[in-house]
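Let me begin by presenting the structure, written as structure tokens, before commenting on it.
The values are calculated or read from the model by the stated rules, or taken from the named source; none is laboratory data. Here the structure is a predicted model, which means the values were calculated and not measured. Because the Cβ atoms are built from the backbone with ideal geometry, glycine has one as well, and the counts that use them run over all protein chains shown. The area values use the complete protein model at the heavy-atom level, side chains included, leaving out ligands, DNA and RNA. Shrake-Rupley method; radii C 1.70, N 1.55, O 1.52, S 1.80 Å.
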Amino acid sequence: GCDLLSATKRIAIVNYTYWPSYKASFVDAINNIWKNGTHYWMWYRWTSNGWEYGPVGADTYILSPNETIMWRYEKPNIK
């Protein structure tokens, strides 16, 4: 019953901004690695099809038992 942002804050130093218009939080930094205008923190979940982008904000995603999640610092592939 724990959301991903709360779980991440239990094991890392997380800086984030809550965006009321989206009703979600955006992760600005994990362990002092900050977004910089080109690279951001993105999260993925492991599925039967491989790694998939997180479908919602980390603060609204409720973790399931034995689920595998990855945070990745990357340049998003924006189309």
For the range 4-18, the count of residues that are open to solvent by 30 Å² or more (accessible area, probe 1.4 Å) and closer than 17 Å to residue 55 by Cβ equals 0
Among (1) in contact with an Asp or Glu (Cβ under 9 Å, 6 or more places away or on another chain); (2) in contact (Cβ under 8 Å) with a residue 24 or more places away in the chain, residue 35 falls short only on (2)
Checked against (1) at pLDDT below 95; (2) surrounded by 15 or more Cβ atoms within 10 Å (Cβ to Cβ); (3) in a loop (DSSP other than H, G, I, E, B), residue 59 satisfies every condition except (1)
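Give me the residue from the range 20-43 that is among the hydroxyl-bearing types (Ser, Thr, Tyr) and either over 14 Å from residue 3 (Cα atoms) or in contact with a Cys (Cβ under 7 Å, 6 or more places away or on another chain) (or both) and, out of that set, surrounded by the fewest Cβ atoms within 10 Å (Cβ to Cβ). Steps first, please.
Of the residues in the range 20-43, the ones among the hydroxyl-bearing types (Ser, Thr, Tyr) are 21-22, 25, 38, 40.
Right, trim to either over 14 Å from residue 3 (Cα atoms) or in contact with a Cys (Cβ under 7 Å, 6 or more places away or on another chain) (or both) and you get 21-22, 38, 40.
On the way: 21: 5, 22: 10, 38: 8, 40: 16.
Only one residue fits best here, namely 21.
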Taking the range 44-56 on its own, how many of its residues are closer than 17 Å to residue 73 by Cβ and surrounded by fewer than 10 Cβ atoms within 10 Å (Cβ to Cβ)?
-> 0
